[in-house]
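Engineer: First the structure, which I've put down as structure tokens, then a few questions once you've had a look.
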Amino acid sequence: MPVGRTKASSKIAASRRKTTKRRTASTPDPVALEVFSNALLSVAEEMGAALIRTAYSTNIKERQDASTAIFDAEGRLIAQAEHIPMHLGAMLSIIRNILKRYPLEELRPGDAFLANDAYHGGGTHLADVTVASPVFDGKRLIGFVANMGHWPDVGGIKPGAAMTEGCNEIYQEGLRIPPMKIFREGELQEDLFSFILLNMRFSEDRPADLRAQAACNQLGVRRLQELSEKYGAGRFLELVEGVLDYNERTIRSKIKELPEGTWDFEDQLDDDAHVPGPVPLKVTLTISHSPEPHMVFDFTGSSRQRTGGVNVVYEALFATVAYALKATIDPELWSNAAFERVVRLIAPEESVVNPSPPAPVGGRGTTCQRLADLLIGVMSKVAPERVCACGHGTTSINIHGFDAIRGRPFICIDGIGGGMGGRDTSNGMDAVQIHTNNIPNLPVEILESEYPIRVECFELVPDSGGAGRRRGGLATRKDFRMLSDTGFIAHADRHDFSPWPLFGGKEGARGVHLKNPGKPDEEKLPSKGGPHEVRKGEVLRCQSAGAGGYGDPAEHSPAELAADLADGKISLEYARASYPATLVKEALKYRETL
């Protein structure tokens, strides 16, 4: 254990070491492991497809804000479908917490457990509702399957209460649910579920989502049982252990390719939605090749835990670190518990990256995006060819009110794509979700058909990507005209601090929220918090940030600059201000041939 590790993270590490003791079974051959690991991944992905097809919530069925995973009998993550990296944290410790609350002898086929509490193994914020089910081969427990769906409301002081002004404790963010048996041998526990529904808005929609999540797990249980029958329970468990051991060896070999040393990096959030001013984030990375290759991430120097809901529980922090390593050292690494064996985190207790209850955590996604930038920033000092410049992070919106047309209250959750940072091999992508967020935008046709909102504009923002040898990706803007009186709660960042470049590039453009843009009563709204009143007939503009450029702009391709000029992604004025005159002149000549 690294010197300086805090008491809270030490307890977590100790409990994990107990569950990572290795068996003495013979190591399966690489071909068998590849076949088996892909079989597990296919089960997780089939579960995810089934959940998205059958869920009721727009947030799950259209925005695909859900994830699925497979765990072994000890609660270690074995396979996660490629949905949302942050949800690794949402499910990282649920099985271990189930096993703490329910002895093995009390588990039965058909059982399912529901949880959402960030401080008791249910997720990373209350809206992430996880359902987990044990898998048996006969009477032998061989693993668990789990899925997470983002429910649009779980109670709290406002609809979708995270980041709401005045919400400064997790109690105000919604109903907290530790792991509880919601299905007992296949039978829904109606009394428990009725209690849960009574504490949530839009409760009429939740039974359909819960049954979709339960059915998703039933599919996963059947598929794992089929694999266990195919291989035999003993061989099945041996292969599970082999997958973890193989991935550990692979991760360590990738770390061995990196130089030894210590590096640090700093970044910040705009604010915490309650207290003005930046929220400092800092990491110190140490890479060592002995006694075995490993990495230590020390977040000492980051802000104390905050009044607003930007705090990140340890599981979410670990998920973000695992994402950043997978993205930089080898995207082909399997997402499983092997990362816990080779990575150590130092997360000071009662800090923004390891808060103590009852600190609010509803807006943890915004912080995790900043943490991903922070981690990629420090990795840029280690492996500059493998990283990208800073991107937009996240621009998530919550619009709620009463729909007079349909005669019911509503909550619309949407995410606005933005720029991805330029990287060594190519320009940054435009209008995408990045890092720990992998949620598609809500299609305009669906949004307008389900909510009293009209989308009047959804477009790229020219000149929002920073110049460089590789240009940063472009931001987007989306204009919503309200057809009913609404409240708007913002979850965004990079409104006060520009997305940073790398290696001589230029900064990306900042994001902005505007009410009635271009009108005499135009009003700028903050990046976080609310609800802000947007009346019927008024327009809300949500514009994400762009992204930083990578490398010296003088080395930019004239052909790429010409294409950007022709496509309107860059104005001639911006090109002349950001690139050498000779490069612009060459690009203009090339544009004439397009």
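The values are calculated or read from the model by the stated rules, or taken from the named source; none is laboratory data. Just so it is clear, the structure is predicted and the values come from calculations on it, not from any experiment. Methodologically, a virtual Cβ is constructed for each residue, glycine included, from the backbone with ideal geometry; neighbour enumeration extends over all protein chains shown. Each accessible area value is taken on the protein alone, full model and side chains, heavy atoms only, with ligands, DNA and RNA left out. Shrake-Rupley method; radii C 1.70, N 1.55, O 1.52, S 1.80 Å.
Engineer: May I have the pair-distance distribution P(r) for the range 281-378, computed from all Cα-Cα distances with 5 Å bins from 0 and rounded to whole percent?
Structural biologist: 3, 13, 25, 25, 18, 10, 5, 2, 0
Engineer: With +1 on each Lys and Arg Cβ and -1 on each Asp and Glu Cβ, how big is the dipole of the range 140-286 about its Cα centre, in debye rounded to the nearest 20? Walk me through the numbers before you get to the answer.
Structural biologist: On the way: 17 positive and 25 negative charges, 161 e Å.
Value, rounded to 20: 780 debye.
Engineer: Calculate the FRET efficiency for THR307 and ASN199 from the Cβ-Cβ distance with a Förster distance of 22 Å, rounded to the nearest 0.05. Don't skip to the answer; put the middle values down first.
Structural biologist: Details: r = 24 Å, r/R0 = 1.09.
Calculated transfer efficiency: 0.35.
Engineer: Stretched out fully, how many nm does the piece from PHE503 to GLU573 gain, at 0.36 nm a residue minus the Cα gap?
Structural biologist: Values: separation 70, 0.36 × 70 = 25.20 nm, distance 2.34 nm.
Between PHE503 and GLU573, full extension yields 22.9 nm more.
Engineer: For a quick check of your reading of the filter: which GluC sites (Glu not before Pro) in the range 160-243 sit in a DSSP loop and have no more than 11 other Cβ atoms within 10 Å? Please report the intermediate quantities before stating the final value.
Structural biologist: Numbers: sites: GLU165, GLU169, GLU173, GLU185, GLU187, GLU190, GLU204, GLU226, GLU229, GLU238, GLU241; in loops: GLU165, GLU169, GLU185.
Here the sparse-neighbourhood loop sites are GLU185.
Engineer: Right, something else. Going by Cα centres, the range 237-294 and the range 467-508 are how many Å apart?
Structural biologist: Between the Cα centres of the range 237-294 and the range 467-508 lies a distance of 27 Å.
Engineer: Right, here's the next one. Quick one: Cα centre-to-centre distance for the range 396-448 and the range 91-118, in angstrom?
Structural biologist: Distance between centres, Cα-based: 32 Å.
Engineer: Go through [x] 26.5; [y] 25.5; [z] 24.6 and flag the label whose value is the computed Kirkwood radius over Cα pairs in Å for this structure.
Structural biologist: Matching the structure shown: [z].
Engineer: Using a 7 Å offset from Cα along Cα-Cβ at GLU592, what residues in the range 545-586 end up with backbone N under 13 Å from the label point?
Structural biologist: 585-586
Engineer: Tell me which residues come under 5 Å, amide H to amide H, from VAL312 once H is placed; ignore anything under 5 positions away on its chain.
Structural biologist: Correct list: VAL353, ASN354.
Engineer: Probe of 1.4 angstrom, ligands and nucleic acids ignored: what's the accessible area per residue over the chain, in square angstrom? Walk me through the numbers before you get to the answer.
Structural biologist: On the way: 21950 Å² over 594 residues.
Each residue of the chain exposes 37 Å² on average to a 1.4 Å probe.
Engineer: Give me, ordered by chain and number, the residues 5 or more places off PHE144 or on other chains with an amide H under 5 Å from its own placed amide H.
Structural biologist: PHE71, ASP72, VAL135
Engineer: With θ set to phi - 60°, apply the Karplus curve 6.51 cos²θ - 1.76 cosθ + 1.60 along the range 569-583 and write out the HN-Hα couplings as whole Hz, x wherever there is a Gly or Pro.
Structural biologist: Rounded to whole hertz, the list is 6, 10, 7, 5, 5, 5, 4, 5, 7, 10, 10, x, 4, 5, 5.
Engineer: Amide H to amide H under 5 Å from ILE453: which residues, 5+ apart in sequence or cross-chain, H placed 1.01 Å off N in plane?
Structural biologist: LEU483
Engineer: Same structure again: How much of the accessible area of the chain, in percent, comes from carbon and sulfur atoms when a 1.4 Å probe is used? Walk me through the numbers before you get to the answer.
Structural biologist: On the way: 11000 of 21950 Å².
Solvent-exposed carbon and sulfur of the chain make up 50 percent of the total.
Engineer: Let me spell out the model: positive unit charges on the Cβ of Lys and Arg, negative unit charges on the Cβ of Asp and Glu, origin at the Cα centre of the range 375-456. What dipole size does that give, in debye rounded to 20? Don't skip to the end; give the middle numbers.
Structural biologist: Details: 6 positive and 9 negative charges, 59 e Å.
Rounded to the nearest 20 debye, it is 280 debye.
Engineer: Filter the trypsin sites (Lys or Arg not before Pro) in the range 364-459 to those in DSSP coil with at most 10 other Cβ atoms within 10 Å of their Cβ, and list the result. Display every interim value, and only then the final one.
Structural biologist: Numbers: sites: ARG364, ARG370, LYS381, ARG386, ARG406, ARG423, ARG454; in loops: LYS381, ARG406.
Those that pass, being in a loop and sparsely packed, number zero.
Engineer: Still on this structure, please answer the following. Any chance you could check the Cα centroid distance between the range 120-147 and the range 517-594 for me, in angstrom?
Structural biologist: For the range 120-147 versus the range 517-594, the Cα centre distance is 45 Å.
Engineer: Which whole-Hz couplings ³J(HN,Hα) result when phi for each residue of the range 101-106 is put into the Karplus expression 6.51 cos²θ - 1.76 cosθ + 1.60, θ = phi - 60°, listed in order with x for Gly and Pro?
Structural biologist: Rounded to whole hertz, the list is 8, 10, x, 4, 5, 8.
Engineer: Work out, step by step, the length gained on full extension between GLU523 and ILE446: first 0.36 nm times the residue separation, then minus their alpha carbon distance; give nm to one decimal. Please report the intermediate quantities before stating the final value.
Structural biologist: On the way: separation 77, 0.36 × 77 = 27.72 nm, distance 2.79 nm.
Result: 24.9 nm gained on full extension.
Engineer: For LYS100 and GLU260, calculate 0.36 nm times their separation in residues minus their Cα-Cα distance, and state this gained length in nm to one decimal.
Structural biologist: Values: separation 160, 0.36 × 160 = 57.60 nm, distance 3.87 nm.
This chain segment gains 53.7 nm when fully extended.
Engineer: Along the charge dipole of the chain, pointing to its positive end and built from +1/-1 on Cβ of Lys, Arg, Asp and Glu, which listed residue (PRO259, ALA562, THR320) has its Cα farthest out?
Structural biologist: So the residue we want is PRO259.
Engineer: I've got another one for you. Consider a paramagnetic label point 7 Å from the Cα of GLU226 along Cα→Cβ; state which residues of the range 233-275 have an amide N under 20 Å from it.
Structural biologist: Only 233-237, 239-240 fall inside the zone, counting backbone N under 20 Å.
Engineer: Could you give the dipole magnitude of the chain about its Cα centre, charging the beta-carbon of Lys and Arg +1 and that of Asp and Glu -1, in debye to the nearest 20? Each step should come with its number before you reach the end.
Structural biologist: Working: 69 positive and 78 negative charges, 203 e Å.
It works out to roughly 980 debye.
Engineer: Further, regarding this structure: Starting from the Cα of ASP29, step 7 Å along the direction of its Cβ; do the same at GLU169; then give the gap between the two resulting points in nm.
Structural biologist: The modelled label-to-label distance comes out at 6.1 nm.
Engineer: Still on this model: Select from the range 60-128 those GluC sites (Glu not before Pro) which occupy a DSSP coil region and have at most 13 other Cβ atoms within 10 Å, ordered by residue number.
Structural biologist: Working: sites: GLU62, GLU74, GLU82, GLU105, GLU106; in loops: GLU62, GLU74, GLU82.
Loop-located and lightly packed - GLU82.
Engineer: Taking θ = phi - 60°, what integer Hz values does the Karplus form 6.51 cos²θ - 1.76 cosθ + 1.60 yield along the range 41-54, in sequence order, with x for Gly and Pro?
Structural biologist: Listing the rounded values in order: 4, 5, 5, 4, 5, 5, 4, x, 5, 5, 5, 5, 6, 9 Hz.
Engineer: I've got another one for you. Once the dipole of the chain is set up with Lys and Arg at +1 and Asp and Glu at -1 on Cβ about the Cα centre, which of VAL352, ILE182, MET295 lies farthest towards its positive end?
Structural biologist: MET295
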